[in-house]
1. Taking 22 Å as the cut-off for C-alpha to C-alpha distance, list the pairs among 278/346; 279/346; 347/467; 183/346 that go past it.
2. Set the Förster radius R0 to 30 Å, insert the Cβ-Cβ distance between residue 62 and residue 150 as r into 1/(1 + (r/R0)^6), and round the FRET efficiency to 0.05.
3. Can you tell me the order of 70-81, 416-427, 449-460, 291-302 when each peptide is scored by its average per-residue count of other Cβ atoms within 10 angstrom, highest first?
4. Please compute the length gained on full extension between residue 277 and residue 88, using 0.36 nm multiplied by the number of residues separating them and subtracting their Cα-Cα distance.
5. Of 438, 124, 98, which has the most accessible area with a 1.4 Å probe, and how do the rest follow in descending order?
6. Go through 196-202, 343-349 and give me the packing order, highest mean Cβ count within 10 Å leading.
7. Classify segment 79-237 as rounded, prolate or oblate from the Cα gyration tensor: take a ≥ b ≥ c as the square roots of its eigenvalues, call it rounded if a/c is under 1.5, otherwise prolate when a/b beats b/c and oblate if not.
8. Might you work out the accessible area of residue 464 for me, using a 1.4 Å probe with all protein chains in place, and round it to the nearest 10 Å²?
Amino acid sequence: MEEETEEDENLPTGEEQGMRDSLLGGTPEGAPVPAEVPAHGGREKEVRSRVPEGGYGWVVALAATWCSGSIFGIQNAYGVLNVFLQKELEPSERKDVDFRTAWVGALAMGMIFFCSPVVSIFTDRLGCRKTSSGGATLAFIGLLSSSFTNSLGVRYFTYGILFGCGSSFAFQPSLVILGHYFKKRLGLVNGVVAGGSCIFTLCFPFLMETLGNSIGLSHTFQVLSVFMFIQIFLSLTFKPLLPTTVDAKEKENLAGRSKTQQCLVHTRKYFNMQVFRKKTYTIWACGIATTVLGYFVPYVHLTKFVKQSFNIDDSKHWIPLVCIGGTSGIARLASGRIGDFIPGLKKIYLQVVSFVLLGILSMMLPQCQMFESVIVVCLFLGLCDGFLISLMSPIAFELVGPMQASQAIGYVLGLMAIPMTAGPPIAGLLRDHFGNFDMSFYLAGVPPLIGALILLSVPLLHERDLKKTEKTEEGKVKTQDSVVNGELLPGSPVTDAHV
């Protein structure tokens, strides 16, 4: 379908449409989606009615699956690369080795979350295709350049910064674009993308272990860069069907202003901190940020922990990462549907249970006496991981309403970046100091428990705020639980109260 020109004047602005697409395509499988958002004109409804619900859309879904699978397959299997990185270091460089090598993978994962608010802006202004292909190019350059150096410091930049930042710019538009091609089948296609990407997560630890042992770490980076090179061309399929235009009122407001004034207007527009005026959202976001301080520790250090603790064959120490990835995929597929049956902010209780189990399971790892017991713990760790990720978007919907959910999700991901980046190096520093990973995993289990306690207060505070609203606006505001899950309309008093 060719992009509309003059006849699309009634379509939403770039910010409004990009936000809606983020909500439609960027939510986890089964997450609640606004049923019908009031259009700015009849023209938008007509365009939405022409969503193909398949056809070429399945090509886009395949490209999104490759993108998600490649990026998180490499990221989550970093524990395998971590072992090879340490082998490459000279004896004189082996001081604090776990602390130093952990920064490489932690930076890459942290950059995905840190860049999320900025990626939303680029997606709105440049479109999914340009943003994703540019990000895939940057990720490709990062992986390829990592193969031409043995310096750990240089790999902080090439793998940690370039690959991590490129991954963020490539991944987020791959979710947004799905809302352009699917509406009624959006839950199905999100499930297909999540399930397909799990295949990558299951295969990458074995692939990276085999490549590392046979061709070396440098050539392994080159092989991994091929996946992102292919994604550059797959991103070209992300052609939007819902074109964005600049609103006439926005043009009028910017007319006659200097470049500096226009820049300030756009800054206020895209970096709107209004969601933090809602106390429950602020508490929830801080609780999530606290939790993830220990979240990425197993992904980075589990491979070496298993190798040192059980003296198993090199061909088996990647198996725990596969177990985490496999059950995480199952949980992501299931949690969306489960969350649909839990009304309102009671979804947070499911997230709290996941955090508590995540903390306890992390503390159980040093207690495992057999390799098989580690496998069992990792299977449950994967389930907790899946529920943690998939419930983020539905809860954001419930807290701030669909009209501000896009920014709410972007900010909470940004807040997660620093603790998620800091967790693995701190765990590595503890290992270097104590000589084993026992204290690292014990302390990695503490932040999820603290975060769970923080989150327990959110539904209670939210219920209290709703009761206050009912007294002041009697007859206009319904309680949150009376809103059918997935039917939250923009501008309703429930969703936008006190924001």
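1. Beyond 22 Å between Cα atoms: 183/346.
2. On the way: r = 36 Å, r/R0 = 1.21.
Efficiency for this residue pair is about 0.25.
3. Numbers: 70-81: 25.3, 416-427: 23.5, 449-460: 18.7, 291-302: 27.2.
Going by the mean number of other Cβ atoms within 10 Å, highest first, we get 291-302, 70-81, 416-427, 449-460.
4. 63.1 nm
5. These residues rank, largest area first, as 438, 124, 98.
6. The densest-packed peptide leads the list: 196-202, 343-349.
7. The shape class here is prolate.
8. Accessible area of residue 464: about 100 Å².
The values are calculated or read from the model by the stated rules, or taken from the named source; none is laboratory data. Quick caveat: nothing in here was measured; it's all calculated off a predicted structure. So basically every Cβ, Gly included, is an ideal-geometry build from the backbone, and we count neighbours across all protein chains shown. Accessible surface areas use protein heavy atoms only, side chains included; no ligands, DNA or RNA. Shrake-Rupley method; radii C 1.70, N 1.55, O 1.52, S 1.80 Å.
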